[in-house]
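Just below is one structure, and these are the notes that go with it.
The values are calculated or read from the model by the stated rules, or taken from the named source; none is laboratory data. No experiment lies behind these values; they were computed from the predicted model shown. In this analysis, Cβ positions are derived from the backbone assuming ideal geometry, glycine residues included, and neighbour counts consider all displayed protein chains.
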Amino acid sequence: MILRRPRIGPAVAAFLLAAAPALADPPIDYKEPPPDPPGSGGIGQPDPGHLKGTIPDRIIPPGPFQRLPAIDETRWVILSRSEQPYWTVGKADPVLTNACQLGDFGSLTLNRMVVRFEGPKGRALLQVVPPTHRHLLIDRRGLSRPGEIYYFLNTGLSTCEVWFAGKGAPRSLTAPAGTSLPPPDKKALAKRKAQIKSWPKQ
């Protein structure tokens, strides 16, 4: 059995040719989509005095949360602004700074609370951990003290620095008075030189 294609009559073909332009037109109830809002698809102005679409590189970033994927668009919570250099924010603490550089003391990456220093000198953003937000603090050695506010620069990096505001004094890195080593021998160097001189010469 041989199957044949049905033939289209001349009247049907003429109707389809006449209706083709009408079929290409949009339906009667078609409406154009609304225009995009102003500024959509562009990068906003980051700061007065900077070109649009650029990131202000004169401000030191507060930490690795600046290196999160671009999809993370959580805005910073600027607690305060200052025209002073960032290192005047509080008391520099060498112990906390050392612990931060080793990863034992710092602020969580998701912390967006910052203090902005935008003066002519010492521009930076510092992460802040106040006493009311201790859940944002990493403190593996238990170095934090009640009532202190901690400020972090380059959190999570080997260049991390920490300042604090509070009544206490900065912690000291000095070694303790006691030691398990034997007392130094003042005559050890002379004994060592005599021993070397006694070796046989070749």
State yes or no: is N98 under 13 Å from L153 (Cα atoms), touching a residue at least 24 places away in the same chain (Cβ under 8 Å) and in contact with a helix residue (DSSP H, G or I) (Cβ under 9 Å, 6 or more places away or on another chain)?
-> no
Return the only residue of V162, V128, V95, V114 being surrounded by 12 or more Cβ atoms within 10 Å (Cβ to Cβ), farther than 21 Å from V77 by Cβ, of a type in the set (A, V, I, L, M) and out of contact with any Gly (no Cβ under 6 Å at 6 or more places or on another chain).
-> V95
Output yes when any residue across the stretch 174-183 is outside any loop (DSSP other than H, G, I, E, B), of a type in the set (A, V, I, L, M), modelled with pLDDT under 85 and exposed (fewer than 10 other Cβ atoms within 10 Å of the Cβ), and no when none is.
-> no
Here the qualifying pairs (Cβ atoms under 9 Å; residues six or more apart or on different chains; first in the stretch 127-155 and over 18 Å from R116 (Cβ atoms); second part of a loop (DSSP other than H, G, I, E, B) and acidic (D, E)) come out as P131/E148; I138/D104; D139/D104; R140/D104; R141/D104; L143/D93; L143/D104
